[in-house]
Amino acid sequence: MAGFSIPRVAIPATLRLTAGQPLDGEIYVMERVPQHAGPETPLDMLNREGGFFPFRPRAANASVLLVAKARTVTLTVPPPPADSARLSAAKRASLVITLADGSELSGSATLELPEYHSRILDYLNAAESFFTLATDEQLLIVNRAHVLYARPED
């Protein structure tokens, strides 16, 4: 029986794990997903079922690593194209996140939540393991399990 492979799209990324130095390379997302139009996003990929994801370091002749999501602190990717219709309905909040190692990340969160649950606390308490912070240059995908606390800047 021949194997079935879902087409994948490579996205440049910087991976920061609980140990070691950040690694530049690429992740792979599905070309299509049932939950929305277009390709799977890096956030979708990290929040889908399964404990590991493929990452290819940029180093010459590097093998694909199967990385544990639980040990992933952040994944930094290029920002997605702006979706003005979605963003106009969402609330934005500036945050400073302090990670378990004491380092800080800052950026803005897009709160796409029901009005009665649209606080920053509700965003941080969502069921998914990963959430995003955006800067002008990049999208930081952060593992909630490695956050000590968040401080709103607004």
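Data overview
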item: Estimated FRET transfer efficiency when R0 is 22 angstrom, pair LEU124-ASP44 (beta carbons, to 0.05); result: 0.70
item: Cut-off 19 Å (backbone N to label point 7 Å along Cα→Cβ of VAL147), residues of the range 34-73; result: 42-48, 69-73
item: VAL96-ARG8 FRET efficiency (beta carbon distance; Förster radius 30 Å; 0.05 resolution); result: 0.30
item: Inter-probe distance in nm under a simple model that places probes 7 Å from Cα toward Cβ, at SER103 and LEU65; result: 1.3 nm
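None of the figures in this text is laboratory data; all of them are computed from the coordinates on show. What you see is a predicted model, and the numbers here were worked out from it, not measured in a lab. Counting neighbours? That spans all protein chains shown, and the Cβs are built from the backbone with ideal geometry, glycine included.
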